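Visitor: Please see the structure below; I have some questions.
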Amino acid sequence: MHAAYVDVTEKLFADEAGETHWHPREAFKEQVLSFGDVREQIRQKLEEARLQKV
């Protein structure tokens with residue numbers, strides 16, 4: 001299946017045993033979403049996509 005992007009979060013946030021520690025991942029997500037108007041842009045794009053499906 002084609003993907004527009006590759007999800008590398010597990011690779012970035014997993015330790016040597018392959019266990020994912022969610023706190024650093026969630027903290028990173030919050031940093032990204034709080035940068036500028038990223039959260040609002042994502043909200044708008046999701047709403048546009050939802051409307052296109054209808």
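The values are calculated or read from the model by the stated rules, or taken from the named source; none is laboratory data. Worth saying up front: this structure is predicted, and the values here are computed from it rather than measured. Cβ coordinates were reconstructed from backbone atoms using ideal geometry, including for glycine residues, and neighbour counts include every protein chain displayed.
Visitor: Go through the range 20-44 residue by residue and tally those that are surrounded by 12 or more Cβ atoms within 10 Å (Cβ to Cβ) and aromatic (F, W, Y).
Guide: Of the residues in the range 20-44, 1 are surrounded by 12 or more Cβ atoms within 10 Å (Cβ to Cβ) and aromatic (F, W, Y).
Visitor: What is the number of the single condition among (1) among the aliphatic types (A, V, I, L, M); (2) modelled with pLDDT under 80; (3) surrounded by 11 or more Cβ atoms within 10 Å (Cβ to Cβ) that A4 does not meet?
Guide: For A4, the exception is condition (3).
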